[in-house]
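Quick notes on the structure that follows.
Rule-based calculations on the coordinates, nothing more; no lab input. Quick caveat, the model's predicted, so the values are computed rather than measured. Methodologically, a virtual Cβ is constructed for each residue, glycine included, from the backbone with ideal geometry; neighbour enumeration extends over all protein chains shown.
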Amino acid sequence: MFFIILHFIIFLAMPPFFIGVINRVKSLFAGRRGPPLLQPYFDIIKLLRKGSVYSKSASFIFKIAPMLILTSIICAGLLMPLTGDSLAGFSGDIILFVYLLALARVLTILQAMDVGSSFEGMGASREAIFGSFSELTVFAGFVTLGIITRSTSLTDIFHWGHALKEPATLFLFATFFFILLAENSRMPLDDPNTHLELTMIHEVMILDNSGPGLGIILYASALKMFLFMALTALVLLPNGDLPGLMPAGFLLLKVLGISIMIGVIESIAARIRMIKIPQVLIASFVLTVFALLISLFERGMI
Amino acid sequence: MKKDFLMIRNSAAYLTEAVPVIELEAFRNKIAEFCNKADGRIVALLGKKENNESLRIFTVLGSDSKGELYISSAILSGAEYSSLTPDLPQANLFERELYEEFGIIPKNHPWLKPVRNSAGYEFYSLAGDSVHEVAVGPVHAGVIEPGHFRFNCHGEKVFNLEIRLGYQRRGVEELMLKSKPSLRLVLAESIAGDTVIGHALAYCHAIEALADRQVPQRGRVIRALALELERVANHVGDLGALSNDVGFLPVASYFGRLKAEFSNMLLALNGNRYGRGLLKPGGAAFDLDNELVKNFKIRIERGMKEADEITDLLFSTPSVLARFEKTGVVKTEEARKLGLVGPSARASGLQRDVRCDYPFGMYRFKKIIPVKAATGDVFARARVRALEIKRSLTFIDEALEMVPREKISISCEEIKPSSFSVCMTEGWRGEIAHIAFTNERSELSRYKIIDPSFHNWPGLEIALKNGAISDFPLCNKSFNLSYAGFDL
């Protein structure tokens with residue numbers, strides 16, 4: 001019972017904090033003091049207390065999409081071993097995990113197209129294309145992890161504790177990190193701070209959302225980002241068989257480290273051209289295939 | 001050429017009756033010939049109602065390499081003539097403006113539509129299954145001026161961009177004629193809020209030329225300092241905005257701070273960060289004292305060092321160069337055909353700078369070395385700005401040593417009757433032209449304003465051709481044109 005509550009506290013309460021950390025790192029690099037670390041919470045709370053404005057052309061899909069997106073991401077979170085074990089893990093849950101996130105993506109795309117704005121249609125088409133590349137990589141990555149650890153549930157995969165001895169995991173860390181940036185509309189693939197609709201990917205799809213709907217979507221994005229950060233951290237440094245509270249504590253530290261890394265990367269490089277994004281995503285897929293080949297080769301399976 | 005055109009100097013007054021009047025069709029052919037064969041371009045093409053209600057069309061042509069300005073005119077008898085645009089694309093906006101203001105119809109104009117009015121405006125539209133249109137503006141996501149951008153795209157690729165402006169039409173040219181002389185300066189300062197000095201200077205030149213008065217050298221130095229400070233502040237701001245658009249934050253905030261350092265120098269000079277109220281016909285309204293000169297020298301030196309460091313960082317970051325290079329290319333030939341001016345023209349390999357070609361004020365005595373780049377992409381436009389910052393700061397630094405002891409202004413109240421004056425200055429966006437005519441009673445009878453943006457907006461449309469729609473904000477920022485200056 002304690003671990004169930006802890007899992008929910010970590011998963012539902014912590015994610016916006018890490019966005020605050022990223023923003024703080026970026027502010028420091030830009031020579032600014034930056035917003036408070038808890039600003040993302042304030043923003044979400046502020047939005048939840050506002051009223052909503054709906055476009056005349058929006059149907060019911062647009063209205064229910066934010067809740068559905070949040071629900072599917074929370075469900076995905078139940079499969080993630082945040083405290084050492086996941087809450088609802090089972091053998092083969094990696095497939096459900098990926099598809100729950102894909103469901104959230106599809107819903108975001110649908111609600112973007114629902115309002116019929118040309119901006120949002122453009123963002124939806126970008127998201128669909130780039131998403132199809134990154135899903136491929138995520139699956140290839142999970143297959144590789146599955147081969148290395150001989151299991152297909154996230155809990156079992158990350159119970160195995162000798163990641164650093166396995167060269168393939170270094171590749172996987174790199175690709176998962178890229179996917180983390182791509183999936184969560186971070187620099188250098190997307191710019192979460194821009195106000196220029198024509199260059200946006202994720203932000204442009206939620207231009208029509210307002211009030212609680214927008215608040216829920218921002219919250220869901222924070223949760224999704226936290227899941228990806230946890231995943232990336234666990235690929236490099238899995239929990240192993242640490243006792244008690246240690247996996248949860250270490251995980252938060254690792255995620256903090258990843259947040260700082262994201263902040264630094266966003267500060268020291270310019271955004272890449274939109275046309276080059278598929279190339280980057282394909283490159284990370286190729287890297288994953290290398291990881292797969294290495295792990296197969298080591299085990300004499302090819 | 002000799003008898004059809006009157007050769008004039010920048011910021012000097014001539015009698016209107018000295019301008020040759022030639023036959024309309026010959027007038028049109030001469031313009032086309034001058035611009036297409038002799039490396040010339042249209043500085044201005046404007047209509048003016050004569051006393052007997054007939055319409056006289058004036059043109060000011062410039063030959064930048066020779067530094068020569070010509071003016072000629074024709075009386076419009078019918079309401080039709082053969083369009084210049086097919087032979088000379090840079091005439092397009094001018095002809096559409098004449099059509100809008102006076103109803104003059106150029107025969108065989110490819111697509112005659114209003115420039116600033118919305119009535120009767122039609123957009124270019126591509127047909128096809130997978131072609132989609134994206135409409136941006138006139139209300140934008142940032143706090144910027146209103147303009148409408150219509151893209152015809154295939155996926156991410158832009159086939160055609162059409163820009164429609166006119167949302168801020170205030171009728172400045174008409175207001176100039178109606179207002180009291182004391183208010184005209186304020187009007188000139190408000191033509192484009194970020195080019196206060198540039199436009200005010202052109203207006204002052206016009207009044208001084210018509211009054212036939214010479215500004216004291218001390219006044220000229222102060223004016224040149226202000227013009228260069230305005231240029232530096234805006235160029236620094238643009239480089240910061242360009243870095244921000246590619247998401248390179250540290251440089252963006254550094255430039256943002258640096259911009260304020262230069263605006264603050266204008267503030268120290270006359271109490272306004274944009275230099276409002278600094279100039280007046282006859283000279284400057286605020287003086288420099290020795291204390292301020294010393295202080296400026298220190299601030300310029302520090303500013304130069306910081307600008308150097310930060311531009312080095314910007315141009316040595318590979319990810320920034322990857323975004324800037326080969327984005328939004330305007331080839332030299334295209335820039336020439338469109339008659340671009342200012343940094344946008346210089347970035348496309350055209351050596352055009354009013355300060356060198358048709359020097360005015362202090363630039364007659366102290367030369368400024370012009371800057372040029374060849375590639376015509378966002379990188380070139382950024383690079384030209386970075387180099388101009390350097391040149392302008394050096395210029396200011398040297399000019400501060402050359403402040404003579406004398407009055408800063410003289411009075412100029414009486415203006416000559418039946419005269420005109422063509423006054424061009426190089427604002428930070430490029431060539432600003434003010435053309436003032438007076439009637440027999442020494443009142444202004446026509447005041448024509450041409451902001452550099454009027455020449456340059458078509459450049460942005462060309463820069464986006466076959467480019468990526470996601471690169472539009474970056475290209476737009478690299479031109480950074482004025483909406484208000486265009487709309488007038």
Here region B:391-402 yields Karplus 3J(HN,Hα) values (6.51, -1.76, 1.60; θ = phi - 60°; whole Hz; Gly and Pro given as x) of 4, 5, 5, 4, 4, 4, 4, 6, 5, 5, 7, 10
Directionally averaged projected area (convex hull, Cα atoms, region A:8-58), nm²: 5.5 nm²
Pull up all non-local amide H partners of B:Ala12: gap of 5 or more, or a different chain, and H-to-H distance under 5 Å with H placed in the peptide plane. B:Val422
Relative to the longest principal axis of chain A, what angle (0 to 90°, nearest 10) does the C-alpha long axis of helix A:15-29 take? 80 degrees
In region B:6-107, lysine pairs 8 or more places apart or on different chains with C-alpha atoms under 28 Å apart total 9
Separation of region B:230-294 and region A:135-190 by C-alpha centroid, Å? 50 Å
Using 0.36 nm per residue, how much length does the chain from B:Tyr124 to B:Arg257 gain when fully extended, once their Cα-Cα distance is taken away? 43.7 nm
Exposure proxy order (Cβ contacts within 10 Å, fewest to most) of B:Val172, A:Val106: A:Val106, B:Val172
Using only Cα atoms, what Kirkwood radius does region B:350-488 have, in angstroms? 17.9 Å
Out of the trypsin sites (Lys or Arg not before Pro) in region B:116-204, which ones are loop residues according to DSSP with at most 15 other C-beta atoms within 10 Å? B:Arg169, B:Arg170
Computed FRET efficiency, Cβ-Cβ of A:Ile260 and B:Ser65, R0 51 Å: what is it to the nearest 0.05? 0.35
Added length on full extension, which subtracts the Cα-Cα distance from 0.36 nm per residue, B:Glu291 to B:Arg391: 33.6 nm
Two-decimal Rg/Rh across region B:172-487, once Rg and the Kirkwood Rh are taken from alpha-carbon atoms: 0.97
Which value in deg cm²/dmol, rounded to the nearest 500, describes the helix-derived mean residue ellipticity at 222 nm for chain A, given -39,500 (n - 2.57) per DSSP H run of n ≥ 4 and division by the residue count? -23000 deg cm²/dmol
With θ set to phi - 60°, apply the Karplus curve 6.51 cos²θ - 1.76 cosθ + 1.60 along region B:316-327 and write out the HN-Hα couplings as whole Hz, x wherever there is a Gly or Pro. 10, 8, x, 5, 6, 4, 4, 7, 6, 6, 6, 9
State the Cα centre-to-centre distance between region B:14-32 and region A:226-302 in whole Å. 72 Å
Run the simple label-point estimate for B:Asn264 and B:Glu461 please: 7 Å along Cα→C-beta, distance reported in nm. 4.3 nm
R0 of 25 Å, Cβ-Cβ distance A:Phe8-A:Arg49: FRET efficiency to nearest 0.05: 0.60
Here D for region B:6-107, in µm²/s, from Stokes-Einstein with a Kirkwood Rh over Cα pairs at 4 °C and 1.567 mPa s, works out to 93 µm²/s
The extension gain from B:Val131 to B:Asp308, computed as 0.36 nm times the residue separation minus the Cα-Cα distance, is 59.2 nm
On the principal axes of its Cα set, how long, how wide and how thick is region A:179-277? Give whole Å, largest value first. 49, 33, 18
Region B:217-300: mean projected area of Cα convex hull, nm²: 5.6 nm²
Hey, with R₀ at 41 Å, roughly what FRET efficiency would A:Leu136 and A:Leu37 work out to, going by the Cβ-Cβ distance, to 0.05? 0.70
In the calculated pair distance distribution of region B:388-447, what percentage of Cα-Cα distances lie above 13 Å? 75 percent
For labels at B:Asn117 and B:Lys49 in the simple 7 Å Cα→Cβ model, what's the distance in nm? 1.5 nm
So, in Å, what gap is there between the alpha-carbon centers of region B:359-417 and region A:16-65? 46 Å
Starting from the 7 Å offset along Cα-to-Cβ, what nm value, one decimal, do you get for the label separation of B:Lys107 and B:Thr332? 3.7 nm
Two decimals, Cα atoms only, Kirkwood Rh: what is Rg/Rh over the protein assembly as shown? 1.06
